[in-house]
Amino acid sequence: MKGSAIPAVTIMPSPLFLWRFKVILFLLWGLCCCKIGWDSVMRMSADLRDLFLYEAFLYYNPLLLVALMIWLWGVNLWVFAQSSVNYARVFDLAQTHLSHREIWRCATWLTLIVPTSMTAYLYLYSHGEVSLAASQPVLLYAILLMVLFSPFDMFFLSSRFYFLRTVWRIILPLQAITFPDFFLADIFTSMSKVFSDLERSVCRMVNRQVATIAWFEADSICGSHSVAIPLVLVFPYLCRFFQCLRQYKDTKEKTCLLNALKYSTAVPVIFLSALKYHVFPDKWVSFYRPLWLISSVINSLYSFYWDIKRDWDLSILTRIFMFKNPSTWTNLLYGQIWVYYWVLASNLVLRCKWTYKLSAHLRHNYLTVFTIAALEILRRFQWVFFRVENEWNKMTAKQNLEMSSDMPSEGDRLLDSNSHTV
C-alpha cells in the first residue's frame, strides 16, 4: 500500500567469512610486529644488540608460554566436549565455567597484547626513548596483575576466583587434596622455568634495572647466578611433595609416599645444576656433574614410569578421541597403534630433554631455553588428555559400583515376589 513502511533487511556476513577476516587481520598484525621489531633490532649497535634482545625476550617469553598453555588447554577442553569425558564433573566446575571458546578468547587477547608490548619496547629503545621503553613491560605486568586480582564482576570473575583459590590451596595444603589441586600443581611443575623467568623479570623491574646495563653482571641481585633462581624452580615440586604427604595423612595409601618420592628426586637435580655457577669448573666436572647426571636420569625415568603406570591407563589409550559425532580426528587417532607408540616415545624423550641444560651457555641461549620450555608445555598438554580421562573412568566405575550395590539381587527379588503371592 502507498505510504506503508518497508521492513529493512539486515545483511549479516557469514561466520566463516568473519573467521577468515579475523585470521587475515591477525596475520597482518603479526607481520607488522615482526617488521617493526626486526627494524628496531637492526638499529641498535652490534655490541649491545644481542644483550638487549635477550633482555626483551626475558620479560616477554614467560607470558608467551602462558599464552601457549592457555591455547592448548582450550584444545583439551574442546576434545573433552567432543568425547564422553565430563570434565566439568572431574574438576567440580560450576555451570558457568569457561568453555573452550572463552578460553581461546583469553588466549587470543594475551597473544595480541604481549607481542605488541614487546614490539613497542624494541621500537622505543632503538629510537632513544629508553624511559618509555622501560615502562612497557612494567605496564604490561601491572595490567595483567590487575585483571587477575580484580574484585569486580568482569573478566570472568568466578573463574578467576576458582583459579586463585586453587593456587592458594596448592601453596598451603592444609585441607584434603582434591583432583583440581594436584592437577594444577602438576601443570605448575611443567612451568617452573616460566616462574623463574617471571621472578627475574619482576626483580629487575623492582630494582629499576629494565633497559639498563646494571643487569648484565651475572652476580648482581637479579643476575643469572642469583640464588632465587633454583628456589623458584624447586617451589612447584615442593608444593606437590607436601600435597602427597597430606594425601598420605588422609588416606594412609603408600602410593602417596612413592609419589612424594618422585617429586623429591627433582630437588637434587635443580640444586646440583645451580652449583655449576658457584663452584670451580674443575670441581663441577669431576664431582658435581656426575651426581647431576645420575639424579637427572633417576628423576626422568621415575617420572616416566609414574606417567605410564599410575597417571594413565594404557588399556583404554586413545578412547578419548572417540567423538560423539563422526570426525576426521576420530578416524585418525582412535584405536590407532601408532598413537600408542607415539605417546610412550614422546613422553620419554620430552621427560629427558631438559638434560641439555648441562651446556654452560644455555641460560643465555634464550631461543633454546624457550624451545625446551615450549616442548615441556606440549608434553603436559598431551599428558592432560589421558590423566583426565583416567580420572573420569575411575569416577564412572565407582558410580556404577555404587549403583549395582544399591540394586536388589536376584534372590531378593524372588523372595520379594513370593511374599506377595496369595
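Just so you know, all these numbers are worked out from the coordinates, no wet-lab data involved. Note that the coordinates shown come from a computational prediction; the quantities given were computed from them, not determined experimentally. Methodologically, a virtual Cβ is constructed for each residue, glycine included, from the backbone with ideal geometry; neighbour enumeration extends over all protein chains shown.
At 0.36 nm per residue, and after removing the present C-alpha to C-alpha distance, how many nm does the segment from Trp38 to Asp92 gain when stretched out fully?
Details: separation 54, 0.36 × 54 = 19.44 nm, distance 4.62 nm.
Value of the extension gain: 14.8 nm.
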P(r) of the range 86-187 over all Cα-Cα pairs, 5 Å bins starting at 0, rounded to whole percent, reads 2, 10, 15, 17, 17, 13, 10, 7, 5, 3, 1, 0
Leu25 to Phe149: extension gain in nm, 0.36 nm per residue of separation minus the Cα-Cα distance?
-> 41.6 nm
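Taking the mean number of other Cβ atoms within 10 Å as a proxy for protection, how do you rank 269-276, 139-146, 394-401 from highest to lowest?
269-276, 139-146, 394-401
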At Leu51 and Asn207, where each label point lies 7 Å from the Cα along Cα→Cβ, what is the point-to-point distance in nanometres?
-> 1.6
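Quick check: net charge around Trp73, other residues with Cβ under 12 Å of its Cβ, Lys/Arg +1 and Asp/Glu -1? Spell out each step's value before the answer.
Values: positive: Arg380; negative: Glu102.
Net charge in that neighbourhood comes out at 0.
Looking at the range 168-216, which trypsin sites (Lys or Arg not before Pro) are DSSP coil and have at most 16 other C-beta atoms within 10 Å of their C-beta?
Qualifying residues, ordered by number: Arg208.
Can you compute the FRET efficiency between Trp338 and Ser84 using 1/(1 + (r/R0)^6), with r the Cβ-Cβ distance and R0 = 22 Å? Round to the nearest 0.05. Let's see the in-between values first.
Details: r = 23 Å, r/R0 = 1.04.
FRET efficiency, Trp338 to Ser84: 0.45.
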Violations at 21 Å Cα threshold for listed pairs Lys193/Lys252; Lys254/Lys353; Lys249/Lys309; Lys254/Lys394; Lys193/Lys353; Lys276/Lys353 -> Lys193/Lys252; Lys254/Lys353; Lys249/Lys309
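Can you give the FRET efficiency to the nearest 0.05 for Asp282 and Ala397, using r as the Cβ-Cβ distance and R₀ = 60 Å? Intermediate results must be reported in sequence, preceding the final value.
Values: r = 57 Å, r/R0 = 0.95.
Efficiency at R0 = 60 Å is approximately 0.55.
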Find out how many positive minus negative residues lie around Tyr60, taking Lys and Arg as positive, Asp and Glu as negative, among other residues whose Cβ is under 14 Å from that of Tyr60.
-> 0
Report the extension gain between Trp109 and Asp250 in nm, rounded to one decimal, defined as 0.36 nm multiplied by the number of residues separating them, less their alpha carbon distance.
-> 46.6 nm
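Within 10 Å, count the other beta carbons around each residue, average over each peptide in 94-104, 242-252, and list them highest first. Please list the in-between numbers first.
Values: 94-104: 14.1, 242-252: 16.5.
My ranking of the peptides, most packed first, is 242-252, 94-104.
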In debye, nearest 20, what is the charge dipole magnitude of the range 101-238 about its Cα centre with +1 on Lys and Arg Cβ and -1 on Asp and Glu Cβ, if you could check?
-> 240
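Could the peptides 229-238, 107-116 be put in order, highest first, of the mean number of other beta-carbon atoms found within 10 Å of their residues?
Numbers: 229-238: 19.5, 107-116: 17.4.
Peptide ranking by packing, descending: 229-238, 107-116.
Would you mind counting up the charge near Phe155? Only other residues with Cβ under 15 Å from its Cβ, with Lys and Arg at +1 and Asp and Glu at -1.
On the way: positive: Arg105, Arg160; negative: Glu102, Asp153.
So the environment of Phe155 carries a net charge of 0.
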